Amino acid sequence: YALEDETYVISTEGEQDILRTIGNTTSEPVYSIQGIVASDTDSYISIITGGEELRVSGVLNEGETLIVDTSLVTAKVVDSTGATIRNGLPLLYELNFPTLEKGTNTIVVSVSNATFTELKIEANSRWR
């Protein structure tokens, strides 16, 4: 893994390209998602990376962050101080952990009856 790695912050809905220049193989990033998702069945935040969807459909409250770790295949919800509040896996519609390719990656953020605040992606760049 890189000592100093690439981090991307997305704070608007829609499609954005990010460019990975560190590493020479697929990376297993950490996604940190902030927003508000109600308990309604049609309420979600969708993040599509390279065609793979990461959908947050469980309750996420204001001030909470869902951290999805692709490398560890796990998720947790933390509060504003970084303290773990609860397991985050039940918030995921599917157990899907999108990776990042070297070069350009297209990220699409959309919502349904939810509020999206910010997506932070830590690349976790790797070499073979």
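The values are calculated or read from the model by the stated rules, or taken from the named source; none is laboratory data. Nothing here was measured: the structure is a model prediction, and the numbers come from that model. Note that we place each Cβ from the backbone using ideal geometry, even for glycine, and neighbour counts take in every protein chain shown. Accessible surface areas use protein heavy atoms only, side chains included; no ligands, DNA or RNA. Shrake-Rupley method; radii C 1.70, N 1.55, O 1.52, S 1.80 Å.
Can you find, among Thr21, Val108, Tyr93, the residue sitting farthest towards the positive end of the charge dipole of the chain, where Lys and Arg contribute +1 and Asp and Glu -1 at Cβ? Toward the positive end, the furthest listed residue is Thr21.
Rounded to the nearest whole Hz, the Karplus-based 3J(HN,Hα) values (6.51 cos²θ - 1.76 cosθ + 1.60, θ = phi - 60°) of the stretch 24-33 follow the sequence 10, 8, 4, 10, 10, x, 10, 9, 10, 10, with x at glycine and proline. Starting from the Cα of Ser11, move 7 Å in the Cα-to-Cβ direction to define the label point; list residues of the stretch 101-128 whose amide nitrogen is under 16 Å from there. In the stretch 101-128, the label zone of Ser11 (backbone N under 16 Å from the point 7 Å along Cα→Cβ) covers 116-121. In order along the stretch 106-113, phi translates into HN-Hα couplings of 9, 10, 10, 10, 9, 9, 9, 6 Hz, rounded to whole numbers, per the Karplus curve 6.51 cos²θ - 1.76 cosθ + 1.60 with θ = phi - 60° and x for Gly and Pro.
Only sites in a loop by DSSP and with at most 11 other Cβ atoms within 10 Å count here; which chymotrypsin sites (Phe, Trp or Tyr not before Pro) in the stretch 62-128 make the cut? Counting only loop positions with at most 11 other Cβ atoms within 10 Å, the chymotrypsin sites (Phe, Trp or Tyr not before Pro) in the stretch 62-128 are Trp127. Taking the accessible area of the chain, probe 1.4 Å, and keeping the other protein chains in place, the carbon and sulfur fraction comes to 46%. The simple spin-label model puts a point 7 Å past each Cα toward its Cβ; for Thr74 and Leu89 those points are separated by 1.0 nm. With kT/(6 pi eta Rh) evaluated at 4 °C and eta = 1.567 mPa s, and Rh the Kirkwood radius from Cα pairs, the chain diffuses with a coefficient of 89 µm²/s according to Stokes-Einstein.
Per residue, the average separation of C-alpha pairs within less than 8 Å and at least 6 apart gives the chain a relative contact order of 45 percent. Placing unit charges on the Cβ atoms only, positive for Lys and Arg and negative for Asp and Glu, gives the chain a dipole magnitude near 360 debye about its Cα centre.
Ordered from longest to shortest, the equivalent ellipsoid semi-axes for the stretch 52-120 are 20, 15, 12 Å, each the square root of 5 times a Cα gyration tensor eigenvalue. Probing with 1.4 Å while keeping every protein chain in the model, the per residue accessible area of the chain equals 52 Å².
Using only side-chain charges placed at the Cβ, +1 for Lys and Arg and -1 for Asp and Glu, the dipole size of the stretch 1-49 relative to its Cα centre rounds to 100 debye.
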